[in-house]
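Working notes, beginning with the structure itself.
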Amino acid sequence: MSAAPATKANAALERYSALFETRFASDPLSEARRAAFDEFLKQGFPTQRDEEWKYTSLRRLESRAFVPGAHAPV
């Protein structure tokens, strides 16, 4: 993997981490969400070297910036 995609992936992980912190800080399921999100941050985005993702490229997902929707009570 070249340095450029890794940098984009790292930037995307940082954006998603900031989004997670603002969106789910006081969520009733925050412990479960935190554990799952920490695992995602540890593993990063799957690549085409992962068998289950062999035919799926996530490059476009890594380069998109998402905006949270309206927060609705659970």
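The values are calculated or read from the model by the stated rules, or taken from the named source; none is laboratory data. Keep in mind that what you see is a predicted model, and the values were worked out from it rather than measured. Here Cβ is always computed from backbone atoms with ideal geometry, including for glycine, and neighbour counts include all displayed protein chains.
Of note:
- The set of residues in the range 1-28 being modelled with pLDDT of 80 or more and either within 14 Å of Arg60 (Cα to Cα) or of a type in the set (Ser, Thr, Tyr) (or both) consists of Asn10, Ala11, Ala12, Leu13, Tyr16, Ser17.
- Within the range 56-74, the residues that satisfy the criterion of being in a loop (DSSP other than H, G, I, E, B), under 23 Å from Lys8 (Cα atoms) and touching a helix residue (DSSP H, G or I) at 6+ places or on another chain (Cβ under 9 Å) are Leu58, Arg64, Ala65, Phe66, Val67, Pro68.
- Filtered by the rule that a residue be closer than 18 Å to Pro73 by Cα and either outside any helix (DSSP H, G or I) or among the basic types (Lys, Arg) (or both), the range 15-43 gives Arg23, Ala25, Ser26, Asp27, Pro28, Leu29, Arg33.
- The residues of the range 14-26 that are out of contact with any helix residue (DSSP H, G or I) (no Cβ under 6 Å at 6 or more places or on another chain) and either exposed (fewer than 11 other Cβ atoms within 10 Å of the Cβ) or of a type outside the set (S, T, N, Q) (or both), listed by number, are Glu14, Arg15, Tyr16, Ala18, Leu19, Glu21, Thr22, Arg23, Ala25, Ser26.
- Residue in the range 41-55 that is nearest to Ala11 (Cα to Cα), counting only those that are surrounded by 12 or more Cβ atoms within 10 Å (Cβ to Cβ) and without any contact (Cβ under 8 Å) to a residue 24 or more places away in the chain: Pro46
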